[in-house]
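What follows is one structure encoded as structure tokens, with my remarks underneath.
The values are calculated or read from the model by the stated rules, or taken from the named source; none is laboratory data. Everything numeric in this text was worked out from a predicted model, so none of it was measured. Neighbour counts run over all protein chains shown; Cβ positions are idealised from the backbone, glycine included.
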Amino acid sequence: DSGVTQTPKHLITATGQRVTLRCSPRSGDLSVYWYQQSLDQGLQFLIQYYNGEERAKGNILERFSAQQFPDLHSELNLSSLELGDSALYFCASSVDLRSPLHFGNGTRLTGT
Amino acid sequence: QQQVKQSPQSLIVQKGGISIINCAYENTAFDYFPWYQQFPGKGPALLIAIRPDVSEKKEGRFTISFNKSAKQFSLHIMDSQPGDSATYFCAASEDSSYKLIFGSGTRLLVRP
């Protein structure tokens, strides 16, 4: 067990709806990363936060947003779900910006 | 230039054999090269990692070989076991940012 907790494990939502995925990093980790894993695109980096501040952004669509809260947990939001957003979403955390990433078990998001 | 190309896509090895997975990159600024192992329903887990100042790193049955001039690195699994059956991802990042760029993954099956 990596110590990174993601909820929910599965989420099935109608297209057009707003979706929120939650991540609790390992105790003591200040940095949180979000990745999207799909069959055709593999593991794609979305966004990184460090101690509440956005640090890096990947190919993240405008419909996606994220934040890291003062207690260091993070949320990834999709404003209006599309079928193409169906994928596994992983959160990873690290102690600081120079430490290895530890991944959670992901949230499987399915649009209907 | 940000891509990491991984091969083969899938690999079948007999128990006790050697599994070899290869990755190539273009970005010479990459300075951290980890390998992750992913079992079904789980997130990727860090297996072993290397930096460009060494050509080889060994941890138990797992060895990374790194060729800086060829911009290639590979994972060797010695004495492969059925329990090693998983998907393996190579990755790379620059400036020790840990914003990992992943390869497309190799599905390894070790037959008993």
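Tabulated results
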item: Listing of strands (runs of 3 or more DSSP E) fully contained in the range A:1-85 that carry 3 or more residues being over 19 Å from B:Ala45 (Cα atoms) and touching a helix residue (DSSP H, G or I) at 6+ places or on another chain (Cβ under 6 Å); result: none
item: Complete set of residues in the range B:8-32 that are part of a strand (DSSP E or B) and surrounded by 15 or more Cβ atoms within 10 Å (Cβ to Cβ); result: B:Leu11, B:Val13, B:Ser19, B:Ile20, B:Ile21, B:Asn22, B:Cys23, B:Ala24, B:Tyr25, B:Phe30, B:Asp31, B:Tyr32
item: Selected residue [closer than 21 Å to A:His102 by Cβ and either over 14 Å from the mean Cα position of the chain (by Cα) or at pLDDT 95 or above (or both)] from B:Pro40, B:Pro34, B:Pro8; result: B:Pro40
item: The range A:86-112 - residue that is assigned to a loop (DSSP other than H, G, I, E, B) and more than 14 Å from chain B (Cβ to nearest Cβ) and, of those, nearest to the chain's Cα centre (by Cα); result: A:Ser86
item: Exclusive hit being part of a strand (DSSP E or B) and within 14 Å of chain A (Cβ to nearest Cβ), set B:Thr87, B:Thr63; result: B:Thr87
item: Residue match in the range B:49-58 (condition: touching a Leu at 6+ places or on another chain (Cβ under 8 Å) and within 14 Å of another protein chain (Cβ to nearest Cβ)); result: no
item: Of all residues in the range A:75-102 being crowded, with 23+ Cβ neighbours inside 10 Å and either out of contact with any His (no Cβ under 8 Å at 6 or more places or on another chain) or among the charged types (D, E, K, R) (or both), the one that is nearest to B:Ala92 (Cα to Cα); result: A:Leu101
item: Test: residue in the range A:58-81 that is within 11 Å of chain B (Cβ to nearest Cβ) and modelled with pLDDT of 95 or more; result: no
item: Check on B:Tyr32, at the interface with chain A (Cβ under 10 Å from one of its Cβ atoms) and in contact (Cβ under 8 Å) with a residue 12 or more places away in the chain; result: yes
item: Given (1) away from every other protein chain (no Cβ under 14 Å); (2) part of a loop (DSSP other than H, G, I, E, B); (3) not aromatic (Phe, Trp, Tyr), index of the condition B:Gly43 fails; result: (1)
